[in-house]
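Below: one structure, written as C-alpha coordinates.
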Amino acid sequence: SSVEKIRAVYDAFLAEFPLCYGYWKKYADAETRLAGGAKTGEVYERGVAAVPYSVDLWTHYCAHAVGARADADHVRGLFERGLAYVGTDWLSHPLWDAYVDFEQNSGCGSPRHVAEVYTRVLQVPSRELDRYWTKFCEYVEGRKADALASEDELASIAAEVRASAPPAAAATGAGGGDAATGNGAEEAAAAAAEAAATADPGKDAKTIKFREARRALYETASAHRAIREPFELLIKRPYFHVKPLDDAQVANWERYLSHEESVGDAASVVRLYERCLIPCASYPALWLRYASRTERDQGVEPARAVLQRATRVFVKRELDAHLALAAFEERAGDVAAAREAHARITEEVAPGSIRAAVAHANFERRVGRAEDAKAVYERAMAVERSKEGAETPTYGCLVNQYAAFVAEALGDPAGARDVY
(Lines give C-alpha, C1' and ligand atoms only; values in the text may rest on other atoms or scores of the structure.)
Protein backbone atom coordinates (compact mmCIF):
# COMPACT_ATOMS: atom_id res chain seq x y z
CA SER A 1 0.00 0.00 0.00
CA SER A 2 2.76 2.47 0.91
CA VAL A 3 4.68 1.60 -2.26
CA GLU A 4 1.61 2.30 -4.37
CA LYS A 5 1.10 5.64 -2.64
CA ILE A 6 4.71 6.62 -3.25
CA ARG A 7 4.42 5.60 -6.89
CA ALA A 8 1.26 7.68 -7.25
CA VAL A 9 3.01 10.75 -5.82
CA TYR A 10 6.02 10.42 -8.11
CA ASP A 11 3.83 9.70 -11.13
CA ALA A 12 1.74 12.80 -10.52
CA PHE A 13 4.73 15.05 -9.94
CA LEU A 14 6.73 13.78 -12.92
CA ALA A 15 3.74 14.03 -15.23
CA GLU A 16 3.80 17.76 -14.52
CA PHE A 17 7.60 18.18 -14.33
CA PRO A 18 9.18 15.38 -16.39
CA LEU A 19 12.52 17.20 -16.77
CA CYS A 20 13.34 16.95 -13.05
CA TYR A 21 15.91 14.21 -13.52
CA GLY A 22 16.72 14.11 -9.81
CA TYR A 23 13.20 12.94 -9.02
CA TRP A 24 13.45 10.13 -11.55
CA LYS A 25 16.56 9.05 -9.64
CA LYS A 26 14.71 9.33 -6.31
CA TYR A 27 11.81 7.32 -7.77
CA ALA A 28 14.18 4.58 -8.95
CA ASP A 29 15.91 4.50 -5.57
CA ALA A 30 12.54 4.20 -3.83
CA GLU A 31 11.63 1.25 -6.04
CA THR A 32 14.88 -0.47 -5.13
CA ARG A 33 14.57 0.28 -1.44
CA LEU A 34 10.87 -0.46 -0.94
CA ALA A 35 9.98 -2.97 -3.63
CA GLY A 36 13.17 -4.93 -4.18
CA GLY A 37 14.18 -3.31 -7.44
CA ALA A 38 12.00 -5.35 -9.78
CA LYS A 39 10.68 -2.17 -11.39
CA THR A 40 13.73 0.05 -10.97
CA GLY A 41 14.75 -0.45 -14.58
CA GLU A 42 11.24 0.46 -15.72
CA VAL A 43 11.44 3.75 -13.83
CA TYR A 44 14.77 4.57 -15.42
CA GLU A 45 13.37 3.71 -18.85
CA ARG A 46 10.48 6.09 -18.27
CA GLY A 47 12.93 8.70 -17.09
CA VAL A 48 15.24 8.58 -20.10
CA ALA A 49 12.20 8.57 -22.38
CA ALA A 50 10.99 11.77 -20.69
CA VAL A 51 14.36 13.51 -20.55
CA PRO A 52 16.73 11.70 -22.95
CA TYR A 53 19.20 14.58 -23.06
CA SER A 54 20.13 14.36 -19.36
CA VAL A 55 23.75 13.33 -18.79
CA ASP A 56 23.08 12.77 -15.11
CA LEU A 57 20.08 10.50 -15.57
CA TRP A 58 21.88 8.30 -18.10
CA THR A 59 24.86 8.11 -15.73
CA HIS A 60 22.63 7.02 -12.84
CA TYR A 61 20.88 4.45 -15.05
CA CYS A 62 24.17 2.95 -16.21
CA ALA A 63 25.49 2.90 -12.64
CA HIS A 64 22.35 1.01 -11.60
CA ALA A 65 22.92 -1.57 -14.34
CA VAL A 66 26.58 -2.00 -13.37
CA GLY A 67 25.67 -2.32 -9.68
CA ALA A 68 23.01 -4.89 -10.49
CA ARG A 69 25.68 -6.93 -12.31
CA ALA A 70 23.75 -6.86 -15.54
CA ASP A 71 25.14 -8.61 -18.60
CA ALA A 72 28.14 -6.75 -20.06
CA ASP A 73 26.51 -6.37 -23.46
CA HIS A 74 23.39 -4.95 -21.81
CA VAL A 75 25.47 -2.43 -19.86
CA ARG A 76 27.38 -1.42 -22.98
CA GLY A 77 24.08 -1.04 -24.78
CA LEU A 78 22.88 1.39 -22.10
CA PHE A 79 26.08 3.41 -22.31
CA GLU A 80 25.78 3.55 -26.08
CA ARG A 81 22.14 4.65 -25.91
CA GLY A 82 23.05 7.42 -23.52
CA LEU A 83 26.04 8.58 -25.53
CA ALA A 84 23.91 8.76 -28.66
CA TYR A 85 21.95 11.52 -26.91
CA VAL A 86 24.47 13.28 -24.68
CA GLY A 87 27.91 12.03 -25.68
CA THR A 88 28.86 15.32 -27.34
CA ASP A 89 27.67 17.58 -24.51
CA TRP A 90 30.06 20.07 -22.97
CA LEU A 91 29.52 18.39 -19.59
CA SER A 92 29.20 14.81 -20.81
CA HIS A 93 32.19 13.65 -18.76
CA PRO A 94 30.27 11.83 -15.97
CA LEU A 95 28.90 9.34 -18.50
CA TRP A 96 32.22 8.95 -20.35
CA ASP A 97 34.03 8.50 -17.03
CA ALA A 98 31.60 5.78 -16.02
CA TYR A 99 32.04 4.02 -19.36
CA VAL A 100 35.85 4.08 -19.13
CA ASP A 101 35.66 2.80 -15.55
CA PHE A 102 33.33 -0.03 -16.57
CA GLU A 103 35.60 -1.20 -19.38
CA GLN A 104 38.75 -0.79 -17.30
CA ASN A 105 37.74 -2.09 -13.89
CA SER A 106 34.66 -4.31 -14.13
CA GLY A 107 36.49 -7.34 -15.47
CA CYS A 108 34.28 -7.27 -18.56
CA GLY A 109 36.43 -5.08 -20.77
CA SER A 110 39.85 -5.34 -22.37
CA PRO A 111 42.59 -2.83 -23.22
CA ARG A 112 41.10 -2.69 -26.69
CA HIS A 113 37.68 -1.75 -25.27
CA VAL A 114 39.23 0.95 -23.08
CA ALA A 115 41.26 2.38 -25.95
CA GLU A 116 38.16 2.47 -28.14
CA VAL A 117 36.24 4.54 -25.56
CA TYR A 118 39.18 6.93 -25.19
CA THR A 119 39.43 7.23 -28.97
CA ARG A 120 35.81 8.32 -29.13
CA VAL A 121 35.89 10.77 -26.23
CA LEU A 122 39.00 12.43 -27.67
CA GLN A 123 36.81 13.54 -30.56
CA VAL A 124 34.35 15.38 -28.30
CA PRO A 125 35.01 19.12 -27.73
CA SER A 126 34.02 18.86 -24.08
CA ARG A 127 35.17 20.74 -21.02
CA GLU A 128 37.25 17.77 -19.86
CA LEU A 129 39.00 17.07 -23.17
CA ASP A 130 42.50 17.84 -21.86
CA ARG A 131 42.01 15.48 -18.93
CA TYR A 132 40.99 12.69 -21.28
CA TRP A 133 44.12 13.20 -23.37
CA THR A 134 46.26 12.95 -20.23
CA LYS A 135 44.42 9.84 -19.04
CA PHE A 136 44.72 8.25 -22.47
CA CYS A 137 48.48 8.84 -22.57
CA GLU A 138 48.82 7.35 -19.10
CA TYR A 139 46.76 4.33 -20.10
CA VAL A 140 48.68 3.49 -23.28
CA GLU A 141 52.06 3.99 -21.59
CA GLY A 142 53.71 0.57 -21.54
CA ARG A 143 51.15 -0.98 -23.88
CA LYS A 144 51.65 -1.84 -27.54
CA ALA A 145 49.25 -1.07 -30.36
CA ASP A 146 48.76 -4.82 -30.85
CA ALA A 147 46.76 -4.86 -27.59
CA LEU A 148 44.94 -1.58 -28.17
CA ALA A 149 43.92 -1.22 -31.80
CA SER A 150 41.27 -3.11 -33.73
CA GLU A 151 42.39 -5.67 -36.28
CA ASP A 152 41.46 -3.39 -39.16
CA GLU A 153 43.40 -0.48 -37.71
CA LEU A 154 46.41 -2.70 -36.98
CA ALA A 155 46.47 -3.86 -40.59
CA SER A 156 46.28 -0.25 -41.77
CA ILE A 157 49.04 0.87 -39.40
CA ALA A 158 51.27 -2.05 -40.41
CA ALA A 159 50.88 -1.09 -44.06
CA GLU A 160 51.83 2.52 -43.24
CA VAL A 161 54.89 1.35 -41.30
CA ARG A 162 56.04 -0.83 -44.17
CA ALA A 163 55.49 1.98 -46.67
CA SER A 164 57.49 4.45 -44.61
CA ALA A 165 60.40 2.10 -43.79
CA PRO A 166 63.70 2.95 -45.54
CA PRO A 167 64.66 0.48 -48.29
CA ALA A 168 67.28 -2.15 -47.39
CA ALA A 169 70.66 -0.75 -48.23
CA ALA A 170 71.91 -3.86 -49.93
CA ALA A 171 68.72 -4.98 -51.67
CA THR A 172 69.53 -3.22 -54.94
CA GLY A 173 73.07 -2.03 -54.29
CA ALA A 174 74.74 -0.15 -57.08
CA GLY A 175 77.81 -2.36 -56.70
CA GLY A 176 75.81 -5.49 -57.54
CA GLY A 177 75.44 -6.75 -53.97
CA ASP A 178 73.69 -10.04 -53.30
CA ALA A 179 69.89 -9.78 -52.93
CA ALA A 180 70.07 -12.37 -50.21
CA THR A 181 72.27 -10.02 -48.26
CA GLY A 182 69.52 -7.39 -48.62
CA ASN A 183 66.92 -9.80 -47.32
CA GLY A 184 69.14 -10.62 -44.41
CA ALA A 185 69.57 -6.96 -43.63
CA GLU A 186 65.78 -6.44 -43.68
CA GLU A 187 65.25 -9.34 -41.33
CA ALA A 188 67.96 -8.13 -39.02
CA ALA A 189 66.48 -4.62 -38.94
CA ALA A 190 63.00 -6.01 -38.25
CA ALA A 191 64.33 -8.20 -35.46
CA ALA A 192 66.15 -5.26 -33.93
CA ALA A 193 63.01 -3.12 -34.09
CA GLU A 194 60.96 -5.87 -32.48
CA ALA A 195 63.48 -6.28 -29.70
CA ALA A 196 63.47 -2.53 -29.06
CA ALA A 197 59.68 -2.44 -29.03
CA THR A 198 59.55 -5.33 -26.58
CA ALA A 199 61.98 -3.58 -24.26
CA ASP A 200 60.16 -0.23 -24.65
CA PRO A 201 56.67 -0.33 -26.24
CA GLY A 202 56.86 3.43 -26.68
CA LYS A 203 59.44 2.91 -29.42
CA ASP A 204 57.25 0.51 -31.38
CA ALA A 205 56.48 2.12 -34.75
CA LYS A 206 52.90 0.83 -34.76
CA THR A 207 52.28 2.11 -31.24
CA ILE A 208 53.70 5.50 -32.14
CA LYS A 209 51.35 5.76 -35.11
CA PHE A 210 48.42 4.59 -32.98
CA ARG A 211 49.11 7.30 -30.42
CA GLU A 212 49.73 10.02 -32.99
CA ALA A 213 46.41 9.27 -34.68
CA ARG A 214 44.72 9.99 -31.34
CA ARG A 215 46.76 13.14 -30.91
CA ALA A 216 45.36 14.39 -34.22
CA LEU A 217 41.81 13.69 -33.02
CA TYR A 218 42.51 15.50 -29.77
CA GLU A 219 43.94 18.55 -31.51
CA THR A 220 40.98 18.80 -33.87
CA ALA A 221 38.55 18.55 -30.95
CA SER A 222 40.56 21.19 -29.06
CA ALA A 223 40.10 23.63 -31.94
CA HIS A 224 36.35 23.03 -31.92
CA ARG A 225 36.24 23.41 -28.15
CA ALA A 226 37.81 26.87 -28.41
CA ILE A 227 34.88 27.96 -30.59
CA ARG A 228 32.31 26.39 -28.33
CA GLU A 229 33.73 27.51 -25.00
CA PRO A 230 32.56 31.17 -24.94
CA PHE A 231 28.94 30.04 -25.25
CA GLU A 232 29.26 27.18 -22.80
CA LEU A 233 30.89 29.23 -20.06
CA LEU A 234 27.86 31.53 -19.96
CA ILE A 235 25.45 28.64 -19.28
CA LYS A 236 24.99 28.84 -15.53
CA ARG A 237 21.95 26.58 -15.18
CA PRO A 238 21.92 23.63 -17.59
CA TYR A 239 19.11 21.85 -15.70
CA PHE A 240 15.37 22.49 -15.44
CA HIS A 241 13.89 24.71 -12.74
CA VAL A 242 10.52 26.37 -12.44
CA LYS A 243 12.22 29.71 -11.80
CA PRO A 244 12.83 31.72 -14.98
CA LEU A 245 16.35 32.18 -16.30
CA ASP A 246 17.87 35.62 -16.28
CA ASP A 247 17.76 37.50 -19.57
CA ALA A 248 21.50 37.15 -20.18
CA GLN A 249 21.33 33.35 -20.15
CA VAL A 250 18.35 33.27 -22.51
CA ALA A 251 20.16 35.64 -24.86
CA ASN A 252 23.25 33.42 -24.72
CA TRP A 253 21.19 30.37 -25.71
CA GLU A 254 19.72 32.31 -28.62
CA ARG A 255 23.19 33.33 -29.84
CA TYR A 256 24.48 29.80 -29.37
CA LEU A 257 21.59 28.37 -31.39
CA SER A 258 22.19 30.90 -34.17
CA HIS A 259 25.86 29.95 -34.27
CA GLU A 260 25.13 26.22 -34.42
CA GLU A 261 22.51 26.73 -37.11
CA SER A 262 25.09 28.52 -39.22
CA VAL A 263 27.96 26.03 -38.84
CA GLY A 264 26.59 22.73 -37.54
CA ASP A 265 24.93 19.77 -39.18
CA ALA A 266 21.28 18.87 -38.59
CA ALA A 267 22.07 16.41 -35.79
CA SER A 268 24.18 18.88 -33.81
CA VAL A 269 21.47 21.53 -34.19
CA VAL A 270 18.86 19.14 -32.78
CA ARG A 271 21.09 18.23 -29.83
CA LEU A 272 21.67 21.87 -28.95
CA TYR A 273 17.97 22.71 -29.14
CA GLU A 274 17.18 19.75 -26.91
CA ARG A 275 19.82 20.85 -24.41
CA CYS A 276 18.49 24.40 -24.52
CA LEU A 277 14.91 23.30 -23.94
CA ILE A 278 15.75 21.71 -20.61
CA PRO A 279 16.57 24.95 -18.74
CA CYS A 280 14.40 26.94 -21.19
CA ALA A 281 11.44 24.55 -21.23
CA SER A 282 9.03 27.28 -20.12
CA TYR A 283 9.85 29.65 -22.99
CA PRO A 284 7.30 29.33 -25.83
CA ALA A 285 9.38 31.39 -28.25
CA LEU A 286 12.21 28.86 -28.14
CA TRP A 287 9.84 25.96 -28.73
CA LEU A 288 8.41 27.78 -31.75
CA ARG A 289 11.91 28.48 -33.03
CA TYR A 290 12.78 24.79 -32.65
CA ALA A 291 9.63 23.73 -34.49
CA SER A 292 10.36 26.13 -37.33
CA ARG A 293 13.91 24.87 -37.69
CA THR A 294 12.75 21.26 -37.48
CA GLU A 295 10.18 21.79 -40.23
CA ARG A 296 12.89 23.30 -42.42
CA ASP A 297 15.41 20.50 -41.81
CA GLN A 298 13.23 17.43 -41.30
CA GLY A 299 9.72 18.13 -42.52
CA VAL A 300 6.19 18.35 -41.20
CA GLU A 301 5.89 15.31 -38.92
CA PRO A 302 8.96 16.00 -36.74
CA ALA A 303 7.93 19.66 -36.47
CA ARG A 304 4.43 18.61 -35.41
CA ALA A 305 5.96 16.39 -32.73
CA VAL A 306 7.92 19.35 -31.33
CA LEU A 307 4.81 21.53 -31.13
CA GLN A 308 2.78 18.74 -29.56
CA ARG A 309 5.43 18.18 -26.88
CA ALA A 310 5.39 21.88 -26.13
CA THR A 311 1.61 22.27 -25.91
CA ARG A 312 0.90 19.04 -24.07
CA VAL A 313 3.56 19.28 -21.37
CA PHE A 314 5.96 22.18 -21.17
CA VAL A 315 4.01 25.29 -22.18
CA LYS A 316 0.52 23.83 -22.09
CA ARG A 317 -0.97 27.00 -20.59
CA GLU A 318 0.73 29.39 -23.03
CA LEU A 319 -1.63 30.81 -25.65
CA ASP A 320 1.10 31.59 -28.20
CA ALA A 321 2.24 27.98 -28.38
CA HIS A 322 -1.29 26.67 -28.93
CA LEU A 323 -2.03 29.28 -31.58
CA ALA A 324 1.20 28.30 -33.33
CA LEU A 325 0.13 24.64 -33.35
CA ALA A 326 -3.27 25.56 -34.80
CA ALA A 327 -1.66 27.69 -37.51
CA PHE A 328 0.82 24.91 -38.25
CA GLU A 329 -1.94 22.32 -38.72
CA GLU A 330 -3.89 24.66 -40.98
CA ARG A 331 -0.79 25.37 -43.06
CA ALA A 332 -0.12 21.63 -43.28
CA GLY A 333 -3.61 21.11 -44.67
CA ASP A 334 -5.04 19.22 -41.70
CA VAL A 335 -8.26 21.18 -41.13
CA ALA A 336 -9.60 18.76 -38.53
CA ALA A 337 -6.43 18.98 -36.43
CA ALA A 338 -6.41 22.77 -36.72
CA ARG A 339 -10.03 22.94 -35.60
CA GLU A 340 -9.26 20.65 -32.68
CA ALA A 341 -6.35 22.88 -31.66
CA HIS A 342 -8.50 26.02 -31.82
CA ALA A 343 -11.29 24.34 -29.86
CA ARG A 344 -8.83 23.34 -27.13
CA ILE A 345 -7.69 26.95 -26.89
CA THR A 346 -11.13 28.52 -26.68
CA GLU A 347 -12.57 25.86 -24.39
CA GLU A 348 -9.65 24.92 -22.12
CA VAL A 349 -6.53 27.04 -22.48
CA ALA A 350 -7.96 30.56 -22.74
CA PRO A 351 -11.76 30.66 -22.68
CA GLY A 352 -12.93 34.23 -23.16
CA SER A 353 -9.62 35.33 -24.69
CA ILE A 354 -10.12 37.93 -27.41
CA ARG A 355 -7.04 36.76 -29.35
CA ALA A 356 -8.14 33.15 -29.18
CA ALA A 357 -11.69 33.92 -30.29
CA VAL A 358 -10.54 36.09 -33.20
CA ALA A 359 -8.04 33.47 -34.37
CA HIS A 360 -10.58 30.66 -34.13
CA ALA A 361 -13.32 32.63 -35.90
CA ASN A 362 -10.99 33.69 -38.69
CA PHE A 363 -9.94 30.08 -39.16
CA GLU A 364 -13.55 28.96 -39.50
CA ARG A 365 -14.17 31.77 -42.00
CA ARG A 366 -11.15 30.73 -44.08
CA VAL A 367 -12.42 27.17 -44.35
CA GLY A 368 -15.91 28.36 -45.33
CA ARG A 369 -17.83 27.82 -42.10
CA ALA A 370 -19.29 31.23 -41.30
CA GLU A 371 -21.88 29.96 -38.82
CA ASP A 372 -19.20 28.16 -36.83
CA ALA A 373 -17.16 31.37 -36.83
CA LYS A 374 -20.08 33.29 -35.35
CA ALA A 375 -20.62 30.56 -32.77
CA VAL A 376 -17.02 30.99 -31.60
CA TYR A 377 -17.62 34.65 -30.74
CA GLU A 378 -20.94 33.89 -29.08
CA ARG A 379 -19.40 31.22 -26.85
CA ALA A 380 -16.56 33.54 -25.85
CA MET A 381 -19.04 36.29 -25.00
CA ALA A 382 -21.14 33.87 -22.97
CA VAL A 383 -18.09 32.78 -20.99
CA GLU A 384 -17.15 36.37 -20.24
CA ARG A 385 -20.72 37.30 -19.36
CA SER A 386 -21.07 34.44 -16.90
CA LYS A 387 -17.72 35.23 -15.36
CA GLU A 388 -17.91 38.97 -14.74
CA GLY A 389 -21.06 40.39 -16.28
CA ALA A 390 -21.77 42.23 -19.48
CA GLU A 391 -20.17 45.57 -18.63
CA THR A 392 -16.51 44.50 -18.52
CA PRO A 393 -13.93 45.83 -21.01
CA THR A 394 -13.23 42.29 -22.23
CA TYR A 395 -16.88 41.67 -23.00
CA GLY A 396 -17.11 45.00 -24.79
CA CYS A 397 -14.04 44.19 -26.90
CA LEU A 398 -15.51 40.83 -27.85
CA VAL A 399 -18.75 42.51 -28.93
CA ASN A 400 -16.83 45.02 -31.05
CA GLN A 401 -14.68 42.30 -32.62
CA TYR A 402 -17.73 40.16 -33.34
CA ALA A 403 -19.63 43.04 -34.94
CA ALA A 404 -16.62 44.02 -37.06
CA PHE A 405 -16.20 40.41 -38.12
CA VAL A 406 -19.83 40.10 -39.20
CA ALA A 407 -19.77 43.41 -41.08
CA GLU A 408 -16.39 43.14 -42.78
CA ALA A 409 -15.52 39.45 -43.06
CA LEU A 410 -19.06 38.21 -43.66
CA GLY A 411 -20.36 41.33 -45.44
CA ASP A 412 -23.47 41.60 -43.24
CA PRO A 413 -23.91 45.15 -41.82
CA ALA A 414 -27.40 44.38 -40.59
CA GLY A 415 -26.15 41.35 -38.72
CA ALA A 416 -23.41 43.48 -37.19
CA ARG A 417 -26.01 45.89 -35.83
CA ASP A 418 -27.86 42.96 -34.30
CA VAL A 419 -24.71 42.01 -32.37
CA TYR A 420 -24.91 45.31 -30.49
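The values are calculated or read from the model by the stated rules, or taken from the named source; none is laboratory data. Note that the structure is a prediction, hence the values are computed from the model and not measured. In this analysis, Cβ positions are derived from the backbone assuming ideal geometry, glycine residues included, and neighbour counts consider all displayed protein chains.
Things worth noting here:
- Among residues of the range 356-367 that are closer than 17 Å to Y395 by Cα, those with a beta-carbon under 7 Å from a residue that is not in a helix (DSSP H, G or I) at least six positions away or on a different chain give the pairs A356/A350.
- Restricting the range 345-397 to residues that are at pLDDT 85 or above and among the polar types (S, T, N, Q), the residue that is nearest to A409 (Cα to Cα): N362
Conditions tested, residue by residue: (1) of a type in the set (A, V, I, L, M, F, W, C); (2) touching an Asp or Glu at 6+ places or on another chain (Cβ under 8 Å); (3) part of a helix (DSSP H, G or I).
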| residue | (1), (2), (3) |
| --- | --- |
| A248 | yes, no, yes |
| S268 | no, yes, yes |
| I278 | yes, no, no |
| A291 | yes, no, yes |
| A303 | yes, yes, yes |
| V306 | yes, no, yes |
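- Only one of A380, A404 that is aliphatic (A, V, I, L, M) and loosely packed, with under 14 Cβ neighbours inside 10 Å: A404
- For V117, the requirement of being under 22 Å from K206 (Cβ atoms) and under 25 Å from the mean Cα position of the chain (by Cα) is met.
- Search result, residues across the range 142-178 that are surrounded by 11 or more Cβ atoms within 10 Å (Cβ to Cβ), at pLDDT 90 or above and assigned to a loop (DSSP other than H, G, I, E, B): R143, K144, A149, S150
- Residues that are buried (at least 16 other Cβ atoms within 10 Å of the Cβ) and among the basic types (K, R) within the range 331-368 comprise R339, R344, R365, listed in sequence order.
- Among the candidates L83, L34, L57, L78, residue that is touching a helix residue (DSSP H, G or I) at 6+ places or on another chain (Cβ under 7 Å) and either more than 30 Å from H224 (Cβ to Cβ) or polar (S, T, N, Q) (or both): L34
- Top-ranked residue in the range 289-312 [being surrounded by 21 or more Cβ atoms within 10 Å (Cβ to Cβ) and under 24 Å from C20 (Cβ atoms); ranked as farthest from the chain's Cα centre (by Cα)]: T311
- Cβ-Cβ under 7 Å pairs, at least 6 apart or on other chains, the range 279-306 side touching a residue at least 12 places away in the same chain (Cβ under 8 Å) and over 15 Å from A324 (Cβ atoms), far side aromatic (F, W, Y) and in a helix (DSSP H, G or I): C280/W253; A281/F314; S282/F314
- The single residue among G36, G87 that is surrounded by 18 or more Cβ atoms within 10 Å (Cβ to Cβ), out of contact with any Gly (no Cβ under 7 Å at 6 or more places or on another chain) and among the small types (G, A, S) turns out to be G87.
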